[in-house]
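> I have a structure here, written as structure tokens, and I will follow up with some questions on it.
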Amino acid sequence: MTELQLWLRHEARTTERRTPVVPDDARRLVEHGVELTVEESPQRVFPIEEYEAAGCRVAPAGSWVSAPRDAVVLGLKELPDQPAELTHRHIFFGHAYKGQPGAAELLGRFAAGGGTLFDLEYLVDDSGRRLAAFGFWAGYLGAALAVLQHRGRLRAPLVPTTKAELDEVLKPSDAGADFTGLVVGALGRSGRGARVAFATAGVDPTCWDLDETRDLDRAALLRHDVMVNAVLATSPVPPFLRERDLDAPHRRLRTLCDVTCDVGSPLNVLPVYDETTSWDEPARRLRAQPPLDLIAIDNLPSLLPLESSADFSAALLPHLLDFGVTGPWGHCLDRFRQAGRAYGLDTGDHLDH
């Protein structure tokens, strides 16, 4: 039995409909002795009544700021700008360890309050394999939106759906496969999801992974109609596309989807844009003639909130039941401390809660 106090917060982003813990897994946590508080949330795909029925306590949205200091606050996306000092242990995707915009400010808030960030991107086993990720669904949706955009069928604003409904829309037209596709990072989780979406659309994409990106053939890349990038670089690599490539006279590329959305980071492999797209504006034109459209939405899996939440929650559950400062959570803690030192911040032993 565990004495963990877990606080599932409301997501501040209005388009974030996912949850890291679904009601069925919330019930399992409670049965194992976790004291689980769930904040009310108007957009979470699961209603608060399902968490109540699972034995969870209910709290108003945003009340984590006054939660007991021992509570571990769990979420997915970015925190609101306040409070300026973060005193709790937080679990979420912080996006603060690769020089992203706002990284220093976020880590500074933890240093100021004595809190700790357990970044879910770094919840890994001893071999570095991620243990809970949304990658498959990000890749699937990225490729699906790219297909729809290329076929002139993508409509804004985007609305959440189900995989069955999206598969129906993706079915190939009477003309069959009408374009060439490329998946870069094809062997990873996101790449696998992208390949599934292309297959559903009746397209057999070119698949590149480490061997092809080590000695990248940009001319071959530009000869594809649709490209989906599913590579999340962890060390500097030459960019896959540069500004001058977009103006190449032989460019056939018309639709570019960047699943990883590492914009602003020095590790970005697609430094040809400086702002993500959104549910309201899912595609943005990078070049007028010949046209080239960009899709770069940084919470793609939220468009399939039921399926993506269920998968992620199932993967995360055993690690929440074993929460601590060793094993996978120890890897998160090490990265937090390293990042703090890189910014000259004291993010040391903030674990005396």
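The values are calculated or read from the model by the stated rules, or taken from the named source; none is laboratory data. As the structure is a prediction and not an experimental result, all values here were calculated from the model. Using ideal geometry, Cβ is built from the backbone for each residue, glycine included, and neighbour counts are taken over all protein chains shown. These accessible areas exclude ligands, DNA and RNA; they are computed on the full protein's heavy atoms, side chains included. Shrake-Rupley method; radii C 1.70, N 1.55, O 1.52, S 1.80 Å.
> Does T206 count as without any contact (Cβ under 8 Å) to a residue 40 or more places away in the chain, open to solvent by 10 Å² or more (accessible area, probe 1.4 Å) and among the polar types (S, T, N, Q)?
Criteria met by T206.
> Return the total of residues in the range 299-335 being open to solvent by 60 Å² or more (accessible area, probe 1.4 Å) and assigned to a loop (DSSP other than H, G, I, E, B).
The qualifying residues number 3.
> I would also like to ask the following. Could you list, ordered by first residue, the pairs with Cβ atoms under 6 Å in which the first is in the range 41-62 and closer than 15 Å to L306 by Cβ and the second is surrounded by 15 or more Cβ atoms within 10 Å (Cβ to Cβ) and of a type in the set (S, T, N, Q), at least 6 apart or interchain?
R44/T19
> Could you tell me which residue of the range 127-152 is farthest from G330 (Cα to Cα), considering only residues that are more than 17 Å from the chain's Cα centre (by Cα) and touching a residue at least 12 places away in the same chain (Cβ under 8 Å)?
Here the answer is R151.
> Scanning for something among the charged types (D, E, K, R) and over 23 Å from the mean Cα position of the chain (by Cα), does the range 326-346 turn up at least one residue?
yes
> Let me ask something additional. With the condition kept exactly as written, say whether any residue in the range 12-22 is outside any loop (DSSP other than H, G, I, E, B) and open to solvent by 40 Å² or more (accessible area, probe 1.4 Å).
No, because not a single residue in the range 12-22 is outside any loop (DSSP other than H, G, I, E, B) and open to solvent by 40 Å² or more (accessible area, probe 1.4 Å).
> May I ask you to list pairs of residues, at least six apart or on different chains, whose Cβ atoms are under 6 Å apart, with the first in the range 74-85 being open to solvent by 20 Å² or more (accessible area, probe 1.4 Å) and the second being assigned to a loop (DSSP other than H, G, I, E, B)?
P80/A12
> Out of everything in the range 252-264 that is closer than 22 Å to A186 by Cα and of a type outside the set (V, I, T), what residue ends up being surrounded by the most Cβ atoms within 10 Å (Cβ to Cβ)?
C257
> Name every residue in the range 221-251 that is within 20 Å of V147 (Cα to Cα), open to solvent by less than 40 Å² (accessible area, probe 1.4 Å) and touching a Ser or Thr at 6+ places or on another chain (Cβ under 8 Å), in order of residue number.
Result: H224, D225, V226, M227, N229, A230, V231.
> Let me ask you something else. So is A164 under 28 Å from S265 (Cα atoms) and small (G, A, S) or not?
no
> Within the range 301-329, track down each residue that is in contact with a His (Cβ under 7 Å, 6 or more places away or on another chain) and of a type in the set (S, T, N, Q).
Of everything in the range 301-329, nothing turns out to be in contact with a His (Cβ under 7 Å, 6 or more places away or on another chain) and of a type in the set (S, T, N, Q).
> When the residues of the range 277-296 are narrowed to those that are of a type outside the set (S, T, Y) and over 18 Å from R151 (Cβ atoms), which ends up least open to solvent (accessible area, probe 1.4 Å)?
My answer is A296.
> Name the residues in the range 152-163 that are within 15 Å of R285 (Cα to Cα) and surrounded by 18 or more Cβ atoms within 10 Å (Cβ to Cβ), would you?
Across the range 152-163, the qualifying residue is only L154.
> Shifting gears a bit: Would you pick out the residues in the range 32-59 that are part of a helix (DSSP H, G or I) and surrounded by 15 or more Cβ atoms within 10 Å (Cβ to Cβ)?
Matches in the range 32-59: I48, E50, Y51.
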